[in-house]
Amino acid sequence: MYESSRAPLRLSFAGGGSDVSPYCEERGGIVLNATISKFTWVSIKKIAGDGVSVYHSDGTFEQYKTLNDFIQKGLSPIKHVCAHFKEHHNLAGGLEIHLRNDAPGMSGLGGSASFFISAINSFRLLTLADINKYDMAELAFSLERQKLGNIGGRQDQYAAAFGGINFIEFKGNDFVRMNPLAIKQDILLELEKRLVLVNLGKRRKSGDIISDQVKRVTDHDAKSLKALDETKKIAVSMKNTLHKGDLEEFGNLLGIAWLAKKNFSPLITNSYINGIYDYSLKNGAASGKITGAGGGGHMMLLAKPNEEEALKRALIKKELYPTPFTFQMHGVESWKG
């Protein structure tokens, strides 16, 4: 019997970047994001013996004689979750592990955080560990930063754990406040209908971009600090427009959020990304922005009313194929099977 989990990926509407240290410790962070029906999946079960087998969705697999061998030599970052549960929750081999991701790596949708949340939840079930969603988010954040060296904030981990449309506050010293938004169903459905998500291709490492952003904050670069301050205000305004159901103003703010984001670091955009954005505005989009750290990955576009299909056709002419999705109102989920 497998212990299986899935955790959703996310779209970040505004405020991303303000959840990254040292900015959030010094000035506080605010993020507005939403989880979508794209997931990472992790299934594990105990097997006879001491070996560990890891099966990837691309058909590759890893095999190790013992759990310690996997922890020391494994290729998948799930080995770091294994090491934590071995040390703190008496995990022992053998194990059979199956992994799947609905989006390609470096897609800008928070896949790494979602993966860690799925893995932690499955091992929580396997070992009967007493870990709540806040604990999962903090553990996922810690493992990504300390074991993988990924630089970034906390919005992805909390989104994957809790799910839904969230207004999240970060005040430093590990303070995170989740504020789930109760948006009218017709507003959510119209927003879902008009949003077009398209993958612009593999981006550069998010850590490179965020490292540059962090350096600019540390150096008190006025342009970057002003942009980060502005994106928090935009997140607050976007939350209010969702409550009011004003999607035209939401779209306007989404475009302003993109302009602010480009000022975090010169690595966030390039001539190709800017060209696709301008092309989209001429072919049915009202606004949009990159949904990850930048430099590539997924672009989220808000179409003008009832022009989403025209926008999709225009993008396909550029060999950019929209990624279908719906909003996902649940965070990490689990089952036996």
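Just to be sure before I move on: is residue 139 under 25 Å from residue 74 (Cα atoms), of a type outside the set (Asp, Glu), part of a helix (DSSP H, G or I) and touching a strand residue (DSSP E or B) at 6+ places or on another chain (Cβ under 9 Å) in the structure I sent? Criteria not met by residue 139.
Looking at (1) surrounded by 16 or more Cβ atoms within 10 Å (Cβ to Cβ); (2) out of contact with any Lys or Arg (no Cβ under 7 Å at 6 or more places or on another chain), which is the one condition that is false for residue 59? If we test residue 59 against (1) surrounded by 16 or more Cβ atoms within 10 Å (Cβ to Cβ); (2) out of contact with any Lys or Arg (no Cβ under 7 Å at 6 or more places or on another chain), just (1) comes out false. Restricting the search to segment 213-257, which residues are in contact with a helix residue (DSSP H, G or I) (Cβ under 9 Å, 6 or more places away or on another chain), of a type in the set (D, E, K, R) and either in contact (Cβ under 8 Å) with a residue 24 or more places away in the chain or surrounded by 19 or more Cβ atoms within 10 Å (Cβ to Cβ) (or both)? Scanning segment 213-257 gives 216, 223, 226, 229, 230, 232, 248. Is it fair to say residue 78 is crowded, with 23+ Cβ neighbours inside 10 Å, assigned by TED's automatic domain parsing to the domain that holds residue 9 and either out of contact with any Gly (no Cβ under 9 Å at 6 or more places or on another chain) or among the polar types (S, T, N, Q) (or both)? Yes; evaluated as a whole, the condition is true for this residue. Any residue at all in segment 148-164 that's at pLDDT below 95, among the hydrophobic types (A, V, I, L, M, F, W, C) and out of contact with any Ser or Thr (no Cβ under 6 Å at 6 or more places or on another chain)? Yes.
Among the residues of segment 102-133, those that are part of a helix (DSSP H, G or I) and of a type in the set (Val, Ile, Thr) comprise 117, 120, 127.
Considering only residues that are among the charged types (D, E, K, R) and in contact (Cβ under 8 Å) with a residue 12 or more places away in the chain, look in segment 126-171 and name the one that is surrounded by the most Cβ atoms within 10 Å (Cβ to Cβ). For segment 126-171, the residue satisfying everything is 156. If you go through segment 21-47 and pick out every residue that is modelled with pLDDT under 95 and surrounded by fewer than 24 Cβ atoms within 10 Å (Cβ to Cβ), you end up with 6. When restricted to residues that are within 26 Å of residue 160 (Cβ to Cβ) and in a strand (DSSP E or B), segment 288-337 contains 14.
Within segment 9-28, being assigned to a strand (DSSP E or B) and either under 15 Å from residue 263 (Cα atoms) or of a type in the set (S, T, N, Q) (or both) holds for 12, 14. Are there any pairs with C-beta distances below 7 angstrom linking a residue in segment 172-197 that is within 30 Å of residue 279 (Cβ to Cβ) to a residue that is among the polar types (S, T, N, Q), with the two at least 6 apart or on different chains, and if so which? Going by the 7 Å Cβ cut-off, the qualifying pairs are 192/326; 197/323. For residue 149, state whether it is more than 17 Å from residue 34 (Cβ to Cβ) and outside any helix (DSSP H, G or I). Yes: the conditions hold for residue 149. Condition check: under 26 Å from residue 251 (Cα atoms), among the aliphatic types (A, V, I, L, M), part of a strand (DSSP E or B) and touching a residue at least 40 places away in the same chain (Cβ under 8 Å). Does residue 36 satisfy that? When the stated conditions are applied, residue 36 passes them. Exactly one residue out of 111, 172 is on the phi > 0 side of the Ramachandran plot and not basic (Lys, Arg): that is 172. Scanning segment 258-275 for residues that are surrounded by 17 or more Cβ atoms within 10 Å (Cβ to Cβ) and either farther than 14 Å from residue 17 by Cα or among the acidic types (Asp, Glu) (or both) yields 269, 273.
The values are calculated or read from the model by the stated rules, or taken from the named source; none is laboratory data. Fair warning: this is a prediction, and the values are worked out from it, not measured in the lab. Neighbour counts run over all protein chains shown; Cβ positions are idealised from the backbone, glycine included.
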